[in-house]
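In what follows, a structure is listed as structure tokens, so that the remarks can point back to it.
The values are calculated or read from the model by the stated rules, or taken from the named source; none is laboratory data. Fair warning: this is a prediction, and the values are worked out from it, not measured in the lab. Backbone-built Cβ (ideal geometry, glycine too); neighbour counts: all protein chains shown. For accessibility, only protein heavy atoms count, side chains too; no ligands or nucleic acids. Shrake-Rupley method; radii C 1.70, N 1.55, O 1.52, S 1.80 Å.
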Amino acid sequence: MKEDVQQWFKNFQERLCQSLETCDGIAKFQEDIWDRPGGGGGAARVIQNGAVFEKGGVNFSAVEGVLHEKAAKALLMPDPHFFATGVSVVIHPENPHVPITHMNVRYFEAGNGEAWFGGGIDLTPIYVYEEQGQYFHQQLKNTCDRFQPTYYPEFKKWADDYFYIPHREETRGIGGIFFDRLTPKENITLEDRFDFVQAVADTFAPTYTHLVNLNRDKPYSPQEKEWQLIRRGRYAEFNLVNDRGTKFGLETNGRTESILMSLPPLASWHYSHAPAPGTPEAASLACFTKGIDWVNMHANG
């Protein structure tokens, strides 16, 4: 199965890059082909200084080899041999009113033959527009509901818990869906899991580019740009301190530039910064919490 999955992911990278280039209108992706010393490699594609996208990446990889003992133990793998392939996406727009986004789809085969899928889509607005948050989550729910009625509530909670910055006591953004280790089970085959992951991947471009086009021409002030840089700092903190994918990539001798592609080109850290009460910044910060029912627009508990 891994050859079919790998080929679909590579084709998806190509299609997604075309969609994002069309959306931006100016910038084009630049590609770096790389080889991993332990086996396999990938294609890193980066877009920069566009009409909309200040920096973004759509990275494909297909790697294999032997995990370090620590990594194998963390993944509960009795046999450290592995194969992994996937596509990872992070987009940092220029305009503070256009949200940051992240998407990942991946497939993993362990040396003992166990295989599973993982992935998800999440959104990190700088300024939160409730109707846009509702639209985003509704699109994800629509995709999930085509497969299992439990998927959206389960994977939405998983995203809330995963994309959380404990030392800040806030979420990275407004969440989305996140899932990992989707193995075959009774009445759900590995092919069924792959169908779902393909549907999630194909949900990304039309959903995100719609949000881009709603916000790309909004004017913004230097103060709004500074708030964007502060929120980018939070994004960087999560990716460097908490993100398991970053840790896995570095521990398995992945390509450093591809792994750290997720970091913004510029970010700020202000000492003891807090937005003034009653400001749009304070209203947005209040949305960076777990348990908001974006589809129905009210907080749980």
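When the GluC sites (Glu not before Pro) in the range 76-161 are filtered for DSSP coil states and for at most 13 other beta-carbon atoms within 10 Å of their beta-carbon, no site remains. Using the Karplus relation 6.51 cos²θ - 1.76 cosθ + 1.60 with θ = phi - 60°, the per-residue 3J(HN,Hα) values for the range 208-219 come to 6, 5, 4, 5, 4, 5, 5, 10, 4, 9, 6, x Hz, with x marking Gly and Pro.
Here the accessible area is traced with a 1.4 Å probe on the protein chains. For the range 3-106, carbon and sulfur cover 50 percent of it. Under the rule a/c < 1.5 gives rounded, and otherwise a/b versus b/c splits prolate from oblate, where does the range 219-301 land using the Cα gyration tensor? It comes out oblate by the Cα gyration axes. Solvent-free Debye calculation, one equal scatterer per alpha-carbon of the range 88-128: log10 I(q)/I(0) at 0.23, 0.30, 0.35 Å⁻¹ equals -0.74, -0.96, -1.10.
In the range 192-301, what chymotrypsin sites (Phe, Trp or Tyr not before Pro) fall in a loop by DSSP, with at most 13 other Cβ atoms inside 10 Å? Listed in order of number, the matching sites are 269, 271.
Against the chain, whose longest principal axis comes from its Cα atoms, helix 130-145 is set at around 20 degrees. Across the alpha-carbon set of the range 159-222, the Rg to Rh ratio works out to 1.13, Rh being the Kirkwood radius. In whole angstrom, how far apart do the alpha carbon centroids of the range 24-44 and the range 267-286 sit? Each part's Cα centre sits 36 Å from the other's. Rg ratio for the chain: its Cα radius of gyration over 2.2 N^0.38 Å, N being its residue count, equals 0.98.
Considering only 254, 165, 215, and ranking their Cα positions along the charge dipole of the range 142-254 that arises from unit charges at the beta-carbon of Lys, Arg, Asp and Glu, the one farthest toward the positive end is 215.
The angle separating the long axis of helix 222-241 from the principal Cα axis of greatest extent in the chain is about 30 degrees.
Using the Cβ-Cβ distance between residue 49 and residue 186 with R0 = 51 Å, the FRET efficiency computed as 1/(1 + (r/R0)^6) comes to roughly 0.50. Treating the range 22-125 as a set of equal point scatterers at the Cα positions, no solvent, please give the Debye-formula log₁₀ I(q)/I(0) at q = 0.12, 0.24 Å⁻¹. The Debye formula, applied to the Cα set alone, gives -0.52, -1.21. Rg/Rh for the range 72-211 stands at 0.99; both radii use Cα atoms, and Rh follows the Kirkwood definition.
All Cα-Cα separations within the range 97-155 were binned at 10 Å from zero, giving a P(r) of 18, 40, 28, 11, 3, each value a whole percent of the pairs.
Centroid-to-centroid, using Cα positions, the range 164-210 and the range 105-143 are 3 Å apart.
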